[in-house]
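Single-structure report; data block below.
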Amino acid sequence: MVQSLGPLQSGHVVIIGGGPGGTACALALQRMAGEMGRKIQITIIEGKQFVGEMHYNQCVGVISPPLPELLYERLDVRFPYRLCRSQICSYVIHTAREQIKLDDEEQPSNALRRVQYDAYMLDAVKQRGISVIPARAYDLEFHDDHVVVYTDNSPFEAQVVVGAFGMDEGSSAMFNRLTPYHPPQALSSIVTKYHPKQEAMDAFGPTIHAFLPANPRIEFGGVTPKGNHLTINIAGSRVDADLMMTFLAQPEVQAVLPGLDGDNGYNLQDLQFYKGRFPCSQARGYYGDRYVLVGDAAGLVRAFKGKGITSAVLTGIRAAETILQQGISAQAFYDHYFAANKDITQDLPYGQVMRHLTIFLAHYRLLDPVLRAAKQNPPLQSALFDAVSAHAPYRQVIKQSLHLNVIWAVFRSWIKK
């Protein structure tokens, strides 16, 4: 039994979910197994069909460094720059009364359609000869020497199962029922697409506008250029279509969106809304004997905003490393996988502090003096940029924000107003 839970020498790995974490895990397993001379069969179970855009993952789709290098160096997959709709070179942070523009000249991000990225990665997996089964997993059986994964296609027997199902409630409930897994806390999001005229899109420029409303039910909102349209999203504990309409009606949002007065032949009632969820805490029990979860399913993302795709890819690779190098027991996953992800998990408390502090400051309109002070204070500008772009850990953001000259600059801005 102990031997069977050691590093996987041969056998079958079933991955539930064909998003960024699942495809990264599959490609990493195949590449490392080939280097080690091991025969590992890999199967991805994915119920959505991304080709032809029949199904979607609700995601704004902003890709920032180091993801392109990570794909190429660790998975031998070239980043699909041809799919990019916009290169993001700056961010504008808005409150109701203030705004500040923050430029990103050294590490620009790329905005693309998430469904196209998912289709690209699944195609890369298929081209490497990895099996992708168009089905949904609905039950599991854990035995001493194998796992049975039941799908609406056929059952699969494996030595270890990887959960890469994001925030899918059916898969989450399945693991919650059969293992110590408890899903992460989640925020809900509403996403819509707005198509102004092309000249308006050209004038909008390569800038993401981030909004921190005083409404405590909306934690943040964003407007992101995507080539021929703008992606608009809000997030909060319980956001809904009515809250999105409230958000779109705010003067600071109206000032950013071109043509919403109807001159475009378009108005608020023409927009279609889509609902999604994303984690804001770490899951419990996200690994055990013969199973491990990656990415959103494990809550291994930044606690407030950003880099969900990068985190999914990283954790997928780290799960593959643990399976082949350390073992498939709960102890092996704790010793290696849990430890490898401390760069994410140790930053989660700081992200939670930042999240709740931002909500408090926005509700009482105390972010206005922060933005005013930042216009004259480069360290505070840097902290705001790192917070909104997800380029740096929250530990670093908070450390920058607590510098004495930053606090003094904010205080002076507050008393002057």
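Laboratory data are not the source of any read-out in this text; all were calculated from the coordinates shown. All values derive from a computational prediction rather than experimental measurement. Note that we place each Cβ from the backbone using ideal geometry, even for glycine, and neighbour counts take in every protein chain shown.
Can you list the equivalent-ellipsoid semi-axes of the stretch 187-277, largest first and in whole Å, using the square root of 5 times each Cα gyration tensor eigenvalue? Mind showing how you got there, number by number?
Values: eigenvalues 90, 35, 29 Å².
Each semi-axis is √(5λ); the values are 21, 13, 12 Å.
Per-residue counts of other Cβ atoms within 10 Å, averaged by peptide: what ranking do you get for 179-185, 148-154, highest first? All intermediate terms of the calculation are to be shown ahead of the outcome.
Working: 179-185: 18.7, 148-154: 15.4.
My ranking of the peptides, most packed first, is 179-185, 148-154.
For the stretch 366-416, rounded, prolate or oblate, judged on the Cα gyration tensor with a ≥ b ≥ c (square roots of eigenvalues), a/c < 1.5 rounded, else prolate if a/b > b/c?
Working: a/c = 2.32, a/b = 1.77, b/c = 1.31.
Prolate, because a/c is 1.5 or more and a/b exceeds b/c.
Report, to the nearest 10°, how far helix 404-416 tilts away from the longest principal axis of the Cα atoms in the chain, using its own Cα long axis and a range of 0 to 90°.
The answer is roughly 40 degrees.
Could you give the C-alpha radius of gyration of the chain expressed as a fraction of 2.2 N^0.38 Å, taking N as the number of residues it contains? Don't skip to the end; give the middle numbers.
Numbers: Rg = 22.2 Å, N = 417, 2.2 N^0.38 = 21.8 Å.
Cα-based Rg divided by the globular estimate yields 1.02.
Kindly put Thr322, Thr231 in sequence by how many other C-beta atoms sit within 10 Å of each C-beta, fewest to most. Don't jump to the answer; show the numbers that get you there.
Values: Thr322 26, Thr231 23.
The fewest-first ordering by Cβ neighbours comes to Thr231, Thr322.
Residues with amide H under 5 Å of Phe220's amide H, sequence separation 5 or more or different chain, H placed in the peptide plane at 1.01 Å from N; which?
Ala235
Using θ = phi - 60° and the Karplus relation 6.51 cos²θ - 1.76 cosθ + 1.60, list the HN-Hα couplings for the stretch 10-24 in order, rounded to whole Hz, with x at every Gly or Pro.
Karplus values, whole Hz, x for Gly and Pro: 7, x, 10, 10, 9, 10, 8, x, x, x, x, x, x, 5, 5.
From the phi of every residue in the stretch 158-167, what ³J(HN,Hα) in whole Hz does the Karplus formula 6.51 cos²θ - 1.76 cosθ + 1.60 yield, where θ is phi - 60° and glycine or proline is x?
With the stated coefficients, the stretch 158-167 comes to 9, 7, 7, 10, 10, x, 10, 9, x, 9 Hz.
Around Ile44, which amide H atoms from residues at least 5 apart in sequence, or from another chain, sit under 5 Å from its own amide H, with H modelled in the peptide plane?
Ile15, Ser131, Val132, Ile133
Sort the following peptides by mean Cβ neighbour count (other Cβ atoms within 10 Å, averaged over residues), highest first: 23-32, 214-223.
Packing proxy ranking, top to bottom: 23-32, 214-223.
Along the principal axes of its C-alpha atoms, what lengths does the stretch 23-135 span, in descending order and rounded to whole Å?
60, 32, 23
Can you tell me the dipole magnitude for the chain around its Cα centre, using point charges on the Cβ only (Lys, Arg +1; Asp, Glu -1), in Debye to the nearest 20? Please report the intermediate quantities before stating the final value.
On the way: 39 positive and 38 negative charges, 189 e Å.
Dipole magnitude for the chain comes out near 900 debye.
Using Cα positions and a limit of under 16 Å, work out the lysines in reach of Lys48, with same-chain residues fewer than 8 apart set aside.
Hits, sequence-local ones excluded: Lys126.
Just to confirm a number: summing +1 for Lys and Arg and -1 for Asp and Glu over residues other than Val406 whose beta-carbon lies under 15 angstrom from that of Val406, what do you get?
+3
Between Phe411 and Ser131, what length comes free when the chain is fully extended (0.36 nm per residue of separation minus the Cα-Cα distance, one decimal in nm)? Mind showing how you got there, number by number?
Values: separation 280, 0.36 × 280 = 100.80 nm, distance 5.91 nm.
Full-extension gain reported as 94.9 nm.
Note down the net charge around Leu324, summing +1 for each Lys or Arg and -1 for each Asp or Glu among other residues with Cβ under 15 Å from its Cβ. The partial results should precede the final answer.
Numbers: positive: Arg31, Arg38, Lys39, Arg74, Arg290, Arg318; negative: Glu35, Glu321, Asp335.
Surrounding charge for Leu324 is +3.
Based only on other Cβ atoms within 10 Å, what is the fewest-to-most ordering of Met36, Met121, Met174?
Details: Met36 13, Met121 25, Met174 22.
Ordered by Cβ neighbours within 10 Å, fewest first: Met36, Met174, Met121.
For a quick check: with amide H placed at 1.01 Å from N, whose amide H comes under 5 Å from Ile100's, ignoring anything fewer than 5 positions away on the same chain?
For Ile100, the qualifying residues are Ile93.
Over the chain, calculate the relative contact order: mean separation of alpha carbon pairs under 8 Å at least 6 apart, over the residue count, as a percent. Don't skip to the answer; put the middle values down first.
Working: 860 pairs, mean separation 83.0, N = 417.
Contact order relative to length: 20 percent.
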